[in-house]
Amino acid sequence: MRNKEMKELYLQNSLTKKKELFKPITEGFIGMYVCGPTVYSDVHLGNVRTFISFDIMYRFLLHLGYKVRYVRNITDVGHLLDDGEDRISKGARADKLEPMEVVQKYTNGFHKMMDIFNTHRPSIEPRATQHILEQIEMVQQIIDNGYGYEANGSVYFDTLKFHEEKKCYGKLSGRVIDELLVETRDNLKNQSDKKHPSDFAIWMKAAPEHLMKWNSPWSVGFPGWHLECSVMSTKYLGETFDIHGGGNDLKFPHHENEVAQNVGACNCQPANYWLHTNMLLMNGRKMSKSDGNTITPDQLFTGDSPHITKAYSPMVIKFFMLQSHYSSTNDLVDDGLLAAEKGYRRLMEAQKTLAELQTTGAGNELDTDVTGPLDKFITEMCDDFNTPRAIAQLFELVTKINSFKEGHLDINKISVDTLARLQKDFPCYISKVLGLKNEIEAGNNGELEGVMQLVLDLRQDARANKNWAISDKIRDALAEAKIVVKDGKDGSSWTMN
Ligand code: AMP
Ligand code: ZN
């Protein structure tokens, strides 16, 4: 199954806290589950970073020749806010919509944004509300195995009993269960229906005003948030599969509880390798709406934010993100974006230069100057998808390509085969493996269409809300970028000046 480029792949496994040699359950095949978005508001840049990271992993695994089943869910029920309200219901009440209208609206928005960032759609994108029956079945399995108990129509997972028997609660997140137990025993009297404060709901009885609820053996209610991922990963990938991913803010309680549910229901660990992405920061601080330290993708595309000096294109933003390893924090700063824009341009221009190079193949003394960085690109990606170091290899090649063009290096000292490999692999690594489109070449020929549509939609919203200041600001900023917007009775259109 694997092609000849296949090398040993090492992954930083959160479950064992070690970098490990990856061994698939079935040679040549990989099952990968990634926690998807909760679709109650617009996708934010932090989400984008996480989903781009998993897209790169998916792309690279495909490049290595694996057949990958990539499952990424849509959370459309059960993910509660701190005040206990379901996120989707809150969105529905706020916008006076049906909950499923909210789900559709933000799922569409999420897809559009991920298309703009040129990511692949997953192989399966299951929704939690489409798997209520399977979730009820898993709750029953957990009860039958003695790890769930009912109280007043809700069902809770018995973490204490589970840990006493299986000794693994806290293994993934590093939460020390003994400390948790001492602390929680003291607090026990404050908990109402739970036997133990670290117990968590796997089925919740719904209050009469609750919008999304289903019949179950225990009450009219809804499933706990963690349950959906246990159920959908098992359904589509089996009781044990290869890779489970998500942002590291999900390690506890979401992923820890997922493991507990799977072990509690099926008596086996769900995933062999757990991969966690780190958070996107801005100006060194966590992105946070409450203190204004936040920026949306649209603001980046239009330049309409006090945090940046100009607009940035989706591929520049993506390139910027790939210059950090997925497991490190990624600090969005204007200087970094400016530098990324320059780097991205160099990379795209080198592709054009490379396409025009020719060699007589008289010598081959410089072959390893070219094949070395090409090989190393793959080695770096095999080292836990190290995109920053892999990109450094591409820049080694950019320098060589420019030197060949300018005559500082003699192009005839590389063989015909090596130049052919460079002309094939260099653009392939950029576009197929890193998923970077060439926006510079694309110009006005349709590649910008997605972004421009988004910008025009935003301007349309502003006009509908009679927010003339924003609408004019967008038009003027586009004019500066030599894009002319024309308003007609069927909406707005654009052309390059
Ligand atoms: P949510 O829609 O909140 O369930 O999040 C979807 C995914 O985005 C999860 O894997 C989160 O861990 C991830 N995520 C949320 N915030 C950030 C952030 N600031 N940086 C990177 N990933 C994030
Ligand atoms: Zn999940």
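The values are calculated or read from the model by the stated rules, or taken from the named source; none is laboratory data. All values reported here derive from a predicted model rather than from experimental measurement. Here Cβ is always computed from backbone atoms with ideal geometry, including for glycine, and neighbour counts include all displayed protein chains. When the accessible area is computed, the model is the full protein with side chains, heavy atoms only, and any ligands, DNA or RNA have been set aside. Shrake-Rupley method; radii C 1.70, N 1.55, O 1.52, S 1.80 Å.
So in region 177-199, with the set limited to residues that are in a loop (DSSP other than H, G, I, E, B) and open to solvent by 80 Å² or more (accessible area, probe 1.4 Å), which one is modelled with the lowest pLDDT?
Going through the qualifying residues, I end up with SER192.
Tell me which residues, restricted to region 249-275, are within 13 Å of ligand 2 (Cβ to nearest atom), of a type outside the set (D, E, K, R) and open to solvent by 20 Å² or more (accessible area, probe 1.4 Å).
LEU250, PHE252, PRO253
Any residue in region 145-160 that is within 13 Å of ASP193 (Cα to Cα) and in a strand (DSSP E or B) sitting within a Cβ distance under 6 Å of a residue that is small (Gly, Ala, Ser) and open to solvent by less than 30 Å² (accessible area, probe 1.4 Å)? List the pairs, counting only those 6 or more apart or interchain.
Going by the 6 Å Cβ cut-off, the qualifying pairs are SER154/ALA201; VAL155/GLY148; TYR156/ALA201; PHE157/GLY148.
Can you spot a residue in region 106-121 that is crowded, with 20+ Cβ neighbours inside 10 Å and among the basic types (Lys, Arg)?
There is no residue in region 106-121 that is crowded, with 20+ Cβ neighbours inside 10 Å and among the basic types (Lys, Arg).
For every residue, the table says whether it meets (1) more than 16 Å from VAL34 (Cβ to Cβ); (2) in contact with a Leu (Cβ under 7 Å, 6 or more places away or on another chain).
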{"position": "HIS196", "(1), (2)": "yes, yes"}
{"position": "ILE202", "(1), (2)": "yes, yes"}
{"position": "ALA207", "(1), (2)": "yes, no"}
{"position": "MET212", "(1), (2)": "yes, no"}
{"position": "HIS244", "(1), (2)": "no, no"}
{"position": "TYR273", "(1), (2)": "no, yes"}
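Please specify each residue of region 230-268 satisfying the condition of being among the charged types (D, E, K, R) and touching a Pro at 6+ places or on another chain (Cβ under 9 Å).
LYS235, GLU239, ASP242, GLU258
Test of understanding: among TYR70, TYR58, which residue is open to solvent by 20 Å² or more (accessible area, probe 1.4 Å) and within 16 Å of ligand 1 (Cβ to nearest atom)?
Residue meeting the stated conditions: TYR58.
Considering only residues that are assigned to a helix (DSSP H, G or I) and in contact with a Pro (Cβ under 9 Å, 6 or more places away or on another chain), which ones fall in region 71-111?
Of everything in region 71-111, those that are assigned to a helix (DSSP H, G or I) and in contact with a Pro (Cβ under 9 Å, 6 or more places away or on another chain) turn out to be ILE88, SER89, GLY91, ALA92, TYR106, THR107, PHE110.
Counting only residues that are touching a helix residue (DSSP H, G or I) at 6+ places or on another chain (Cβ under 8 Å), aliphatic (A, V, I, L, M) and under 16 Å from ALA206 (Cβ atoms), how many does region 141-157 have?
The qualifying residues number 1.
I need a count of the residues in region 223-248 that are within 11 Å of ligand 2 (Cβ to nearest atom), under 16 Å from the mean Cα position of the chain (by Cα) and either among the β-branched types (Val, Ile, Thr) or surrounded by 24 or more Cβ atoms within 10 Å (Cβ to Cβ) (or both).
So the count comes out to 3.
How many residues, within region 26-46, are within 13 Å of ligand 2 (Cβ to nearest atom) and either under 26 Å from ARG93 (Cβ atoms) or assigned to a loop (DSSP other than H, G, I, E, B) (or both)?
Residues in region 26-46 being within 13 Å of ligand 2 (Cβ to nearest atom) and either under 26 Å from ARG93 (Cβ atoms) or assigned to a loop (DSSP other than H, G, I, E, B) (or both): 4 in total.
Condition check ((1) open to solvent by 30 Å² or more (accessible area, probe 1.4 Å); (2) closer than 11 Å to ILE317 by Cα; (3) not β-branched (Val, Ile, Thr)) across all residues:
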{"residue": "ASP331", "(1), (2), (3)": "yes, no, yes"}
{"residue": "ASP334", "(1), (2), (3)": "no, yes, yes"}
{"residue": "LEU337", "(1), (2), (3)": "no, yes, yes"}
{"residue": "GLY343", "(1), (2), (3)": "no, no, yes"}
{"residue": "ARG346", "(1), (2), (3)": "yes, no, yes"}
{"residue": "ALA350", "(1), (2), (3)": "no, no, yes"}
{"residue": "GLN358", "(1), (2), (3)": "yes, no, yes"}
{"residue": "ASN364", "(1), (2), (3)": "yes, no, yes"}
{"residue": "ASP369", "(1), (2), (3)": "yes, no, yes"}
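Being more than 16 Å from ligand 1 (Cβ to nearest atom), over 17 Å from TYR149 (Cα atoms) and assigned by TED's automatic domain parsing to the domain that holds CYS168 is true for just one of ASN248, ASN267. Which residue is that?
ASN267
For region 134-148, which residues satisfy the criterion of being open to solvent by 30 Å² or more (accessible area, probe 1.4 Å) and touching a strand residue (DSSP E or B) at 6+ places or on another chain (Cβ under 9 Å)?
Within region 134-148, GLN140, GLN141, ILE143 meet the criteria.
Is it true that some residue in region 59-70 is touching a residue at least 40 places away in the same chain (Cβ under 8 Å), in a helix (DSSP H, G or I) and aromatic (Phe, Trp, Tyr)?
Yes - at least one qualifying residue is present in region 59-70.
With the requirement that a residue be among the small types (Gly, Ala, Ser) and open to solvent by 20 Å² or more (accessible area, probe 1.4 Å), what does region 35-45 give you?
SER41
Kindly indicate which of GLU27, GLU85, GLU98, GLU20 is in contact (Cβ under 8 Å) with a residue 24 or more places away in the chain, among the charged types (D, E, K, R) and out of contact with any strand residue (DSSP E or B) (no Cβ under 6 Å at 6 or more places or on another chain).
Among GLU27, GLU85, GLU98, GLU20, only GLU27 is in contact (Cβ under 8 Å) with a residue 24 or more places away in the chain, among the charged types (D, E, K, R) and out of contact with any strand residue (DSSP E or B) (no Cβ under 6 Å at 6 or more places or on another chain).
In region 452-490, what count of residues is obtained for those that are more than 18 Å from PHE301 (Cα to Cα) and surrounded by 13 or more Cβ atoms within 10 Å (Cβ to Cβ)?
3
If a residue must be in contact with a Pro (Cβ under 7 Å, 6 or more places away or on another chain) and aromatic (Phe, Trp, Tyr), how many such residues does region 11-30 contain?
0
Yes or no: PHE377 closer than 13 Å to LEU347 by Cβ, surrounded by fewer than 20 Cβ atoms within 10 Å (Cβ to Cβ) and not hydroxyl-bearing (Ser, Thr, Tyr)?
no
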